[in-house]
Every structure is written in C-alpha cells, then in structure tokens.
1. Roughly how far apart, in whole Å, are the Cα centres of the stretch 67-107 and the stretch 181-196?
2. With just the Cα atoms of the chain, tell me how far they stretch along each of the three principal axes, in Å, largest first.
3. Roughly what % antiparallel, to the nearest 5, for the DSSP beta bridges in the chain?
4. 222 nm [θ] for the chain, helices only, -39500 (n - 2.57) per DSSP H run of 4+, per residue, to 500?
5. Roughly how tilted is helix 165-174, in degrees to the nearest 10 and between 0 and 90, from the longest Cα axis of the chain?
6. Please compute, for the alpha-carbon atoms of the stretch 215-278, the extent along each of the three principal axes and give them in descending order in Å.
7. Normalised by the number of residues in the stretch 128-248, what is the relative contact order in percent for Cα pairs under 8 Å and 6+ residues apart?
8. Percent of alpha carbon pairs in the stretch 128-248 separated by more than 25 Å?
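Quick note: the coordinates plus some simple rules give every number you see, no bench work behind them. No experiment lies behind these values; they were computed from the predicted model shown. Positions of Cβ are backbone-derived with ideal geometry, glycine not excepted, and every protein chain shown enters the neighbour counts.
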C-alpha cells in the first residue's frame, strides 16, 4: 500500500496509474478503492475539495447519517479517507488530455502529467442567468453559494432567483441571516419537491414568493447592489425589488471546457458520454458523477459511480499488465 508521507505531489511518479480530474465525492470515493488496490492515484482539483458537496449547508439524504451531516464535514471525511490510503490531491487545473496509446498525457497547471488511465469527475458548476449586472457585481452582491456568503447579509434584504430544489433550500437557509427575502420564480409553479415547498411555507414571515417574475437586470451603485429589475409576466409590468444582495440558483452546467478538442464525446449540454462501464469514447478514460451524461446529480450516486469506475480502472490496468 502506498504511504502518503512518501507521495507528496504530482511529480512523485513519472507515470501515474490513474489521474482523477476533480476531487468531489465521485473522485474521492474512487480514490479510496484504487489506492487500496495499490494503484497510484493523483487527483487534480481547481476549486474546493469535496466539490459542491463541500459548500452544501446540510446533506439530509446521504445513507448512514440518520440525522444528516454538514456538507463540509462529509467532504472532509471523504478527503481524509482517500488520503489515508495514499491518494495525492494536487490543487491545480487540468487544461487538456491527450491519448498516447499506452498512456494519457495531461497538460496541467503543474506541468505535463502522464497516466495510464484517467477518471473525469469534474462535476458541475452553478449556471449564470446572463443578465446585465450579474458579472459586474459578482462577489460584490451577486452570489451562487448561500453557505459561503449568506453570513455577510445579516439583517439585510435579499433576492433569491430560482424555483428548483436548490433555490428553495438555499432561500430557507438564508433566513438565518436576512431580514427579508424576495424569491423570484420565472415559471408559474415550483420545480422543487413537495417536501421543500411545504418547508418553505413555514418561512412566509421572511420569504415572499413571486411567481412568473423574470430577472431582467441587477442594478447597483458605488460597487454595491441596490435593486433587481423584474418583469411580472402575469400582467406584463416591470417591478423593482430593493435588495442588498442577489443569490442565483437556476441549475448546474458541466465543467467540461477542458475537453473542447472533441476527442472525448459530450452530449448536447456538455456532459460526458460513457458506456455501461463508465468508459468514455477514449479507451482508458472514464467519467463518474455529475459530469457524466445520465447522472442523477446526487451525492450518493456519485460515490457509487466512483467506486464502479475504480473497479473498471483496475480491470483495465490488469489487462494492460497481462498484455505487456
């Protein structure tokens, strides 16, 4: 078994058995399996170790935690377990992957890295709505993570944009800090689960729901957000919501820009296509978790896919060794 004290960084091996792109639940779970099989394992993470799970306030539906668990704690446990068996986590970015036959070459911010196999587990990032002011006021009044930035808005007014599970869940979380929240829902009904909608109803003293309201512009002054311009689609009139900050939760987009050369096939929305063994269109390159086409976007299924991918990677390496 690899000793993590001896394996310090990406230069520890000339050719790694597997390089995992991303260090969320799928990759960290896969790393537990590969390292236990003495498969040298390097993970590249350009953001937060644990992925979106790490910045989720509370995870209530992960098996084995009857009372739930903080997302940050779950991510930290996964990291510690992977590192315990010898996984190496490098903070950096994979820029591209090239297939060289018996190995893959990854162009990274740490230099050129060689690997026998690759696991793509980059997950997804928060979608933008693309309205004026969104980019200009990013991190200065416009946010995509309530657990990261909600505490800055104690006793302030907020606007939350979205009508799905994440929007409702994060709006409820933000009631811990905000004095009032205007929840803008583009459609005429929620896409969130009934359980969350019922929970939302318990917070109507702090959350005002506005159905059929678009988000047209985020306006500010002196580098501070002041209000959101909206359209009430039911009556076709413009409305302004005074606010100190805007939290946007309108879904996720896959982190697959580094696969722009087209060698790894993506679906129409940019998710990685795989076969039933989680292998991509390039032999020896696998995908697992939220970045994979057909994924259920759940932490539990991401960890399961990570374990499956790890077993397939072991089989691939074993076949390589037999043919050597």
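1. Taking the Cα centre of the stretch 181-196 as reference, the centre of the stretch 67-107 is 34 Å away.
2. 70, 42, 37
3. About 45 percent, rounded to the nearest 5.
4. -7000 deg cm²/dmol
5. With rounding to tens, the tilt is 60 degrees.
6. Extents along the principal axes: 50, 33, 19 Å.
7. 32 percent
8. Numbers: 1043 of 7260 pairs.
Roughly 14 percent, once rounded to a whole number.
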